[in-house]
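The values are calculated or read from the model by the stated rules, or taken from the named source; none is laboratory data. Predicted, not measured: the structure shown is a model, and the values here were computed from it. Please note: Cβ atoms are built from the backbone with ideal geometry, for glycine as well, and neighbour counts cover all protein chains shown. Accessible surface is based on the protein model in full, side chains and every heavy atom, while ligands, DNA and RNA are left aside. Shrake-Rupley method; radii C 1.70, N 1.55, O 1.52, S 1.80 Å.
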Amino acid sequence: MSLFVQRSDTSEFRRRFRWIALFMFLAFVGILVRLFQLQVVEHDDNRAIALENIVRRVTLATTRGIIRDRYGRVLAANRPSYNVYVVPRRLDPETTWAKLAGYLGLQQEERMRLEERIAKIRADEGPRRDQQILLKEDVSRDAVAELSANASELPGVSVVPVPVRYYPYAEVGAHVLGYMAEVDAEKLATLRSSGYVEGDRLGVTGTERAWESYLRGTRGWEKVLVDARGRRRQGGEEIIGSDARVDPIPGRDLRLTLDAELQVGIDKAFRGELAGGVAVIEVKTGRILGLYSKPSFDPNALSGASGKQVIRDAFRRLYTDPLKPALDKTVSGAYPPGSTFKPFTAIAGLDKGLIDQRASIQCRGFTKFGRRTYGCTHVHGATSLHKAIAESCNVYFWQLVSEYQVGMDVIAETGQRFGFGAKTGLGINAEASGRMPTRAWMTYRNKGRYLQGFALNAAIGQGATTVTVLQLGLAYAALANGGTLYQPQLVRAVETSNGTVVQEFSPRVRRQIPLDADNLRLVQKALKAGAQEERGTAFRARIAGVDLAGKTGTAQVGHRLVRGVEAERVWYFNRDHAWFAGYSPSSAPEVAIVVLVEHGGAGGKHAAPIAFKVIRTYNELAEKRGAAGGAGSPTRDAGARP
Amino acid sequence: MRGNDALSARFDWPLFVGAVLIALLGVLNLYSATSVYTGPVAERYISQLYWLLGAGVVGALICAFDYRHIERFAYIIYGVGVFTLVVVLVLARDVRGSARWIEFGAFRFQPSEFTKLCLIVALAKYLHDDPKNEGRTLKDLVVPAIITAVPSFLVLRQPDLGTASVHVFIFLTIAAVTKLHTKSILAFLGTVTVGIPLLYKYGLRDYQRTRVDVFLNPEADVLGKGWHAYQARVAIGNGGFSGNGYLKGPQNQFLFLPDQSTDFPFPVFAEEWGFVGSVVLIALYVFLCLWSVRIASQARDRFGAVLCVGVTAMLFWHAVINVSMTCGLMPVVGVTLPLFSYGGSSVTNIMLGLALLMSVSMRRNVVRPERF
């Protein structure tokens, strides 16, 4: 057979074709089996993975509740902080950057620093090269306007509003309101179960902390579609399905009992003094109108908008200042009350029937006890109880101890009835309980030896006795209202963000102090004389037309060295605390007031004038509201919201 | 030209319709695969149409031309093919780690697509001239093996494991159609069992070895090297029984599929049309392959028969490897899905192959001319 014929003979292959065909057929069948497995058997798993690829649950921020004063003025609210972000790789270092720096008004030094940072990221070849960085926090509204007007010229630049806490009254009343801070890792471990996540801010002190669970609100979430490059995509409702979104619930608003304008008045009255605290309390309810501690801090600086450096600086100031701005001096600091305690010593003696109001003693300016001499302020001469309170005679009270058996335990019993030595239950900030020492306690502390000098000190509010400004205020309120000791009240109502009252709090009586009405009247008369009669210790500080009754105090301070203070300033820390405690008006009291000027010196000279000024402001405000109609009725002042 | 009327009467309609259906589905799918993009990528379906039409015209000319003229120039064609591969190795620039293209101005041309046809032509010519109806041994296949090894090795050096293995698979398929002795087959299988591990160890580049590793253990590195294979599989499975609907496959729309238009058009299709669509498409490929084997069996000479077997093998292996790699039955290699994947070289090559099939088919019963 010739090759030509053979070439046309395909019989060599003939028997193999069907095997090849069968092989191909089976291969495709195998593939179909695999496709059946993926598309039918394992469809649900693959569907779930595909959805997981693209559906992201994005949390929706909630808004923190607003804190208002009793008249609806905003004390703490939220405002947007506009933060500028850039993607360095998309930022043209010549044109765009120059424009951006211009709009932001960057200083030369800051500009160089940021430029360096951007250049560094631009040079990065790794995964960081496409990242976005936070360029500047809380830029001004003018800058935001410029940036958005010129957005088309600024590729790679974006402005993101972030809510931050805003305190319109800044330093005034900062201790009561408190401030916010980012939750730290340690706290987060315990708070995670309550829904906190990294970067959350929460109240750290004051009302912000105590009422955190009311104020914070509940986060919502929303499902969105994101492609493989992390970009958001619109639409796709049919992919997401029905459970696409849970709306956030805004936090509850709080209506406080405070009067913001009175707080401002207190701040004005306190000008000229370095440190101390003031409490103004409604005597018939225990509601707090004013609670003021100095020196203060600006919670706006701490609460986050202006960047980490500003927060760090503010904290350093807060904890290195020897005047202790971080301390709430109205509730967290305990001080010897000095002579402001004398009315309670008097009531202790009177109610036990140990002393007679008509009896008088001779004050020769000092008294001798054992080998020691105790000095009075000056020679008071013949002194009755009235005069002893009004003109603050120590000798009278020492004699109560030495001659009339008004001992430590008698004083302590009355003191405890008026709430000294125990926390008031205000509920914000770490409250000091103060100390109302008994004979047993003093003996124990003095290693088993009791000295009568302890009782002499206790009678005039010195020695181991310490009180807080708030305790003293509530005790004077009880003196003014006939013996009802109230629990202090700071939050009047909880409201929803649209103003509906969710919960309203009524005044709570802690106890009714059993008092003899005549004895009380006697003390009240003496307190009035202290502020309004010519020899009264507070008389020189009086302001015409301000009807105030009260007692000054000048509490001695244990001499000591203060750490971190230069020697030439130590004298300040050894100066007496100046006190004034009282109420107004004297005949039908409305408010109790306590003023403490730390290391202020004499109470009549440094604390009493502040009290008069504060009560004058209180009267002016009441008059103004009376004229406006609806005196004292809390309204919502929507206009005050930022 | 004699018998032109007869020729057109013998036009192989089933082959034509089968190919056209796949090509149309391919263009439709390409539109969806690139619908997420804007700019030139989104217009790929239009270029694909142009390529199909252009290659169709060339194909028609080839059909009209008797394939036996090709037999005469078979080794020259083969030589040109090998030469272009050498040119690629010398000239081409790297694209993602391998050099496969030669550039002519705006055009990029991938010689390794065409060397498959050159190889088929050369093998057909060799076997045409070497009839062994009494059966053959491995020794009789040494020359075809060398003919195969040269372009395969050059392609492997680019490096392009997928295309190189298609060359080898074409040779194996053609070898399988010859009358090999059973003893030879067993000897061959034995050699392969020993040879493949050695090849894996010494013959592969690092990245090629990783691909094989990823295939063998896909769950180990889902976010890294196995990402493409994993997401392609998820896309196919996400199609379910009846699919998500045209233009509505989330894995594709949300860019989880890599190279949707070139290497991974099948997952796009499977996600949108589901198992039903997959069965239809696979059935079309089954039909095309089996019909082509039938054409081979009816070829009027050895050259035509081997030519058809080679082209069929090319279609078959491309389809099987591509679909298998997307559904996790094979490692990911750059092998296109015939008439479905975007790419001028790929489309033209497949169309030329189909034209050769058509040419053989149309002449299966034509009276042999006196002298050829």
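Worth a mention:
- Kirkwood Rh, Cα atoms: Rg over Rh of the range A:1-137: 1.46
- In this simple spin-label model, placing a label point 7 Å from the Cα along the Cα-to-Cβ direction at both residue A:423 and residue A:628 gives a separation of 3.6 nm.
- Förster radius 30 Å - calculated FRET efficiency between residue B:279 and residue A:243 (Cβ-Cβ, nearest 0.05): 0.30
- The alpha-carbon of residue A:294 sits under 20 angstrom from the alpha-carbons of these lysines, leaving out residues fewer than 8 places away in its chain: A:268, A:324, A:329, A:605, A:613.
- Between the helical axis of A:469-481 and the longest alpha-carbon principal axis of chain A there is an angle of about 50 degrees.
- Cβ-derived FRET efficiency at R0 60 Å, residue A:502 paired with residue A:369, nearest 0.05: 0.50
- For the range B:205-357, the Stokes-Einstein estimate of translational diffusion at 4 °C and a viscosity of 1.567 mPa s comes to 79 µm²/s, using the Kirkwood hydrodynamic radius over alpha-carbon pairs.
- For the range A:428-479, the equivalent ellipsoid derived from the alpha-carbon gyration tensor has semi-axes of 25, 14, 7 Å in decreasing order.
- Residues in the range A:317-352 reached by a label modelled at residue A:517 [backbone nitrogen below 17 Å; 7 Å Cα→Cβ]: A:351
- When the convex hull of its Cα atoms is projected in every direction, mean area for the range A:290-428 (nm²): 11.9 nm²
- Nearest 10 degrees, 0 to 90: helix A:517-532 Cα axis against chain A principal axis: 80 degrees
- For the range A:498-548, the equivalent ellipsoid derived from the Cα gyration tensor has semi-axes of 35, 21, 7 Å, listed largest first.
- With 0.36 nm allotted per residue and the present C-alpha distance subtracted, the residue A:117-residue A:25 stretch has 26.9 nm of extension available.
- Test item: A:592-602 mean partner chain Cβ contacts at 10 Å: 0
- Normalised by the number of residues in chain B, the average gap of Cα pairs under 8 Å and 6 or more apart makes the relative contact order 27 percent.
- Loop-resident GluC sites (Glu not before Pro) (DSSP state other than H, G, I, E or B) in the range A:28-110 with no more than 10 further Cβ atoms inside 10 Å of their Cβ: A:94.
- Number of Lys pairs (Cα under 21 Å; 8 or more positions apart or on different chains) in the range B:4-362: 8
- Distance between the C-alpha centres of the range A:579-615 and the range B:148-174: 101 Å, rounded to the whole angstrom.
- Counting only residues at least eight positions apart within a chain, or on another chain, the lysines with an alpha carbon under 16 Å from that of residue A:387 are A:342, A:525, A:528, A:551.
- Calculated Rg and Dmax of the range A:163-300 using C-alpha coordinates, Å: 21.1, 68
- Centroid-to-centroid, using Cα positions, the range A:428-480 and the range B:38-95 are 104 Å apart.
- Note on B:291-298: average number of Cβ atoms from other chains within 10 Å of each residue's Cβ is 4.
- Rg(Cα) / (2.2 N^0.38 Å) computed for the range A:383-490, rounded to two decimals: 1.14
- R0 of 35 Å, Cβ-Cβ distance residue A:403-residue A:573: FRET efficiency to nearest 0.05: 0.45
- Relative to the longest principal axis of the Cα atoms of chain B, the long axis of helix B:265-297 lies at roughly 10 degrees.
- Rh by Kirkwood over Cα pairs, then Stokes-Einstein D for the protein assembly as shown at 0.692 mPa s and 37 °C, µm²/s: 89 µm²/s
- Interface of A with B. Using a 1.4 Å probe and counting protein heavy atoms only, the two chains hide about 4800 Å² of accessible surface, both sides summed.
- Modelled label reach - residue B:191, point 7 Å along Cα→Cβ, the range B:143-157 residues with backbone N closer than 11 Å: B:143-146
- Across chain B, the convex hull enclosing all Cα atoms gives 146 Å³ per residue.
- Hull-based mean projected area of the range B:246-308, where the convex hull spans the alpha carbons, in square nanometres: 5.4 nm²
- Solvent-accessible surface (1.4 Å probe) assigned to residue A:247 amounts to roughly 90 Å².
- For the range A:157-220 versus the range A:374-410, the gap between their alpha-carbon centres in whole angstrom: 51 Å
- Each label was represented as a point 7 Å from its Cα along the Cα-to-Cβ direction; for residue B:133 and residue A:141 these points are 10.1 nm apart.
- Ranking A:375, A:531, A:337 by how far each Cα lies toward the positive end of the dipole of chain A (charges on Cβ) leaves A:375 at the top.
- Over every Cα atom in the range A:78-166, the radius of gyration and the widest Cα-Cα span, Dmax, amount to 13.0, 41 Å.
- Residues B:275, A:36, B:269 ordered from highest to lowest accessible area at a 1.4 Å probe: A:36, B:275, B:269.
- Computing Rg and the Kirkwood Rh from the Cα coordinates of the range A:260-628 gives a ratio, Rg/Rh, of 0.98.
- Reciprocal mean inverse distance between Cα atoms of the range A:410-565 - Kirkwood radius, Å: 18.5 Å
- Percent antiparallel among DSSP beta bridges (both partners in the protein assembly as shown, rounded to 5): 95 percent
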